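Beneath this line is the structure, given in structure tokens, with notes to follow.
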Amino acid sequence: MKKLTPQTNSGNMQAVKRMPQYLRLFNDMLKYGRQYISSVEIASKLSLRPILVKKDMLLAKAPGKTRLGYNVKGSIAAIQNFLGWQKEREVCLVGYGKLGSALFHYEGFKKHGFNMVAAFDTDITKADNDKVLHIEHLASYVQSRKINTAIISVPAYAAQGVADTLVSAGIKAIWNFSPADIKVPAHVALQNEDLSIGLALLCLKLKN
């Protein structure tokens, strides 16, 4: 049998995007008492090729047995470990508008190890809890708590300034929901979520 080898960096990125799909499936299987699931069944349920599933599971080091398939419970732990979701990390959010407030209160983050400890805004009169602080305390708070992950949801004109403050304070990863192209040093991980791109793709599909 041909030996599977780890994917290229580009392939790894695509695999990472598929991992949440696998987790949802494995968690559903666990609820129904399933102990094992084959790569063929996984591929069928997720509309993927079995060989791709095998490569992804190899990358995540998911445990399995010949003729039985992948151990459901063990695979959940393996994927969570691969994604770094088994470790809780403190996260702060900057920009407590409608989008920021929704992100801050989203319960799903907890399942992935994101503990939203504080939000910051220039106008704390709109705060609905005591975890919302004035932005002037952002740098000192991040440094004192040794926070390394932040979410930005401020207007475009303010995004780069906020990013610069976060980087100077020691932030190592930024999830950017602002409609702005921010620049960060090479050692800082940056993930942009441009909602307008998703909207454009949706509208194009409707048009066609």
Based on what the data block shows, is Ala158 open to solvent by 20 Å² or more (accessible area, probe 1.4 Å) and aliphatic (A, V, I, L, M)?
yes
Pick out the one residue from Ser153, Ser196 that is polar (S, T, N, Q) and either at positive phi or loosely packed, with under 15 Cβ neighbours inside 10 Å (or both).
Ser196
Residues Leu46, Leu58: which one is open to solvent by 20 Å² or more (accessible area, probe 1.4 Å) and either touching a residue at least 40 places away in the same chain (Cβ under 8 Å) or hydroxyl-bearing (Ser, Thr, Tyr) (or both)?
Leu58
Restricting the search to segment 73-94, which residues are under 30 Å from Ile124 (Cβ atoms) and either among the β-branched types (Val, Ile, Thr) or open to solvent by 50 Å² or more (accessible area, probe 1.4 Å) (or both)?
Glu88, Arg89, Glu90, Val91, Val94
Suppose the filter is open to solvent by 70 Å² or more (accessible area, probe 1.4 Å) and either hydrophobic (A, V, I, L, M, F, W, C) or outside any loop (DSSP other than H, G, I, E, B) (or both); does Ala186 pass it?
yes
What number of residues in segment 40-62 are assigned to a loop (DSSP other than H, G, I, E, B), of a type outside the set (Gly, Ala, Ser) and more than 17 Å from Gln80 (Cα to Cα)?
2
Candidate set: segment 127-158, residues that are assigned to a strand (DSSP E or B) and among the aliphatic types (A, V, I, L, M); chosen: the one farthest from the chain's Cα centre (by Cα)
Leu133
Surrounded by 15 or more Cβ atoms within 10 Å (Cβ to Cβ), touching a strand residue (DSSP E or B) at 6+ places or on another chain (Cβ under 7 Å) and part of a loop (DSSP other than H, G, I, E, B): is that true of Tyr70 in this structure?
no
So which residues in segment 95-115 are on the phi < 0 side of the Ramachandran plot, open to solvent by less than 20 Å² (accessible area, probe 1.4 Å) and not in a helix (DSSP H, G or I)?
Tyr96
Note on segment 26-44: residues within 21 Å of Lys111 (Cβ to Cβ), touching a helix residue (DSSP H, G or I) at 6+ places or on another chain (Cβ under 6 Å) and not aromatic (Phe, Trp, Tyr) are Met29, Leu30, Arg34, Ile37, Ile42
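The values are calculated or read from the model by the stated rules, or taken from the named source; none is laboratory data. This structure is a prediction, so every number in the text was calculated from the model and none was measured. As a convention, Cβ positions derive from the backbone with ideal geometry for all residues, glycine included, and neighbour counts pool all protein chains shown. Ligands, DNA and RNA are stripped out before the accessible areas are found, and what is left, the full protein with its side chains, is counted by its heavy atoms. Shrake-Rupley method; radii C 1.70, N 1.55, O 1.52, S 1.80 Å.
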